[in-house]
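**Q** Handing you this structure, nothing more for now.
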Amino acid sequence: MIRSTLFLGLLAGTAAMWPTTWSGGVAAAISPSLDLAQRCAALVGQNGIDEATARGASSMPPAPPGAPPVAAGAMLPAHCEVFGTLDRHDGADGQQYAIRYHLRLPAVWNGRFFFQGGAGTNGVVGDALGFVGGGQAPALTLGYAVVSQDSGHDNRRNTDPERGGDIVFGSDPVARANYGGSSLKRVTDVAKAVIARLYGRAPERSYFVGCSKGGQEGMALAQRFPDEFDGIIAAAPGFSLPRAALAQVWDVQTFGTLAAQPGRSGFDFRRLPATFSEAQFGLVRAAVLAACDANDGLADGIVGRFERCTARRVLPQLRRRSCTAGAAGALCLSTAQIDALQRSLNGPRDAAGRSLYASFPWDGGIGTPGWRLWKTGSATLPALHILTGGPALAMIFIVPPSPLRADPQSYVDWETAFDMNRDAGRIYATDTTFPRSAWTDIAARSPDLSAFRTHGGKLIVPHGASDPVFSIADTLAWYREVQAREHGRADSFVRVFPVPGMNHCSGGPATDGFDAFAALVAWVEQGRAPERIVASAGPASPWPGRTRPLCPFPRIAIYRGRGSIEDAASFTCKGTGK
Ligand code: CA
């Protein structure tokens, strides 16, 4: 394994340096003659630190709900655990805000700093274990000093049921800017200062890893604070968050037409999960595979050329499965269902048909549980598009914010009344309270990465082709813009790795287990650019244990023509996905 070799080397090297690195440390460093518990306790009172506790080695806590399991048998090392509070302020909305961070400093440090990205609307301080995704061991267990943060609001303290619940922070411009990315620089600076104080030297390398909102944060760092990090993973980046929220509302409106009742405007949110049965989504997936699976040279349930899998190719297959094509009485799709799917994947549009965000490819993960979770929901959990997209758009992504009562039906009523033609421009609007637009504060979609390149930074962007909330088409369009600016040489420092079939950050009929972080470290520290990242399919996939290379866009995995189709060794990265 690349990583185990690499990190054993790092740890051995660090241990050898340990006694000598204290001399010549920064002036504020804590005396190295103290033991870890004493040095840890001495941190309190500076850098906003409220609490610092020495922890012994222990077994890993279980992975958070919904997250893939971390590597089996991983142990937490002895470390100093720190909680700090920065920049308390009274918000324009009467709430009291602060940036809270959580830092873990291992007794045996590998000399490196790791910033763990957030998720959703943040507001929780995070576990600071250094979650890297893909079932891999967290960074703390590898010797990294790890920080996580709440991005400037606290879901327990800052909540108001009449103003979106814990997204009330969208009504304060400072809290909004901190959520959008300002807190990243503040916490980075403070974490590096605490590291220098405890260990007597600055980190040699700094890494950031995040997915979704965390991916947006990685992009914000690469674009706005390009000198802070040497390596960044910005997976499934929400770097167009306000526009993606328009797509979420567009979907609620689109699938809502299937849940409409005569004489009622909008729809009852509880009716959305029944708009498609699981078996009907199985028909959709069968149509996609019939139209597009073999176009990459192998009918294996994976749509390698997902960019070519357009409505023009798939619609004939869907129509063969429609209830008007003689399939009546059997399992079939209604014309309204087919139209709704097509409208959803076409993405939000204004009245002139201009795209307000991006389209979504037809891919093999459409209609699978991780996709339905967002689009149509279930009897036990309303669609995340209802619960997240609408309220976030109302409270965080437009100016002025539009306060909503925190309940699903209020969200649906607001979402169905939202007029794309009239209201979408509010994501770019300003006023006296909000002199910066939500797009300015929260988007991180600039293709100008020149400062990050000059710094020597490396950026890896994994993204699922069946991501139902942040479209891979937006990420690939951005990468083409970066390539144009970089005269076709962007892959010297930034590479996108599409994962066919994968939903948001993980899941779906996909090889979603992979170690992008090891690939990033090898690129940063050894100059080995990732030509492929081997990924494996988990037990919930149709092919447990299958491996595939993930390929840097625009190359795709092509079968060599011999060898097991379950084995990545039988595939090569070549050609173009387009
Ligand atoms: Ca295929």
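**Q** For the range 315-331, state whether one or more residues are under 20 Å from P542 (Cβ atoms), away from the ligand (no atom under 14 Å from the Cβ) and either surrounded by fewer than 18 Cβ atoms within 10 Å (Cβ to Cβ) or touching a residue at least 60 places away in the same chain (Cβ under 8 Å) (or both).
**A** yes
**Q** Also, quick follow-up: Which residue out of G170, G152, G135 is touching a residue at least 24 places away in the same chain (Cβ under 8 Å), within 17 Å of L241 (Cβ to Cβ) and not in a helix (DSSP H, G or I)?
**A** Exactly one of G170, G152, G135 is touching a residue at least 24 places away in the same chain (Cβ under 8 Å), within 17 Å of L241 (Cβ to Cβ) and not in a helix (DSSP H, G or I), namely G152.
**Q** Test each condition in (1) without any contact (Cβ under 8 Å) to a residue 60 or more places away in the chain; (2) more than 16 Å from the ligand (Cβ to nearest atom); (3) open to solvent by less than 30 Å² (accessible area, probe 1.4 Å); (4) under 27 Å from D474 (Cα atoms) for L272 and report the one that comes out false.
**A** The number of the failed condition is (1).
**Q** Test T380 against the stated conditions and say whether it is open to solvent by 60 Å² or more (accessible area, probe 1.4 Å), more than 27 Å from the chain's Cα centre (by Cα) and among the hydroxyl-bearing types (S, T, Y).
**A** no
**Q** Consider E525 carefully, then state whether it is part of a helix (DSSP H, G or I), more than 26 Å from K213 (Cβ to Cβ) and more than 22 Å from the chain's Cα centre (by Cα).
**A** Spelling it out, E525 is indeed part of a helix (DSSP H, G or I), more than 26 Å from K213 (Cβ to Cβ) and more than 22 Å from the chain's Cα centre (by Cα).
**Q** Pull out all pairs, ordered by first then second residue, where Cβ-Cβ is under 7 Å, the residues are six or more apart or on different chains, the first lies in the range 343-359 and is under 12 Å from W250 (Cα atoms), and the second is open to solvent by 30 Å² or more (accessible area, probe 1.4 Å) and among the basic types (K, R).
**A** Correct list of pairs: S355/R349; L356/R243; L356/R349; Y357/R243.
**Q** Also, quick follow-up: Take the residues in the range 283-314 that are within 11 Å of the ligand (Cβ to nearest atom), free of Cβ contacts under 8 Å to residues at least 60 places away in the same chain and within 29 Å of the chain's Cα centre (by Cα); name whichever of them is surrounded by the fewest Cβ atoms within 10 Å (Cβ to Cβ).
**A** N295
**Q** Would you be able to tell me the number of residues in the range 211-240 that are part of a strand (DSSP E or B) and either under 8 Å from the mean Cα position of the chain (by Cα) or on the phi > 0 side of the Ramachandran plot (or both)?
**A** 3
**Q** Still on this structure, please answer the following. Scan the range 278-309 for residues that are under 18 Å from T254 (Cβ atoms) and either outside any helix (DSSP H, G or I) or not aliphatic (A, V, I, L, M) (or both) and jot them down.
**A** Q280, F281
For (1) open to solvent by 30 Å² or more (accessible area, probe 1.4 Å); (2) aromatic (F, W, Y), each residue gets a yes or a no:
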| position | (1), (2) |
| --- | --- |
| N346 | yes, no |
| A352 | yes, no |
| S359 | yes, no |
| W362 | no, yes |
| I366 | no, no |
| M395 | no, no |
| L404 | no, no |
| F418 | no, yes |
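**Q** Restricting to the range 528-578, give me the number of residues that are assigned to a helix (DSSP H, G or I) and out of contact with any Gly (no Cβ under 7 Å at 6 or more places or on another chain).
**A** 1
**Q** Taking the stated definitions as given, is F267 outside any helix (DSSP H, G or I), open to solvent by less than 30 Å² (accessible area, probe 1.4 Å) and of a type in the set (F, W, Y)?
**A** yes
The values are calculated or read from the model by the stated rules, or taken from the named source; none is laboratory data. Predicted model, so just to flag it, every value in this text is computed and none were measured. Glycine also receives a Cβ, built like all others from the backbone with ideal geometry; neighbour counts cover every protein chain displayed. For accessibility, only protein heavy atoms count, side chains too; no ligands or nucleic acids. Shrake-Rupley method; radii C 1.70, N 1.55, O 1.52, S 1.80 Å.
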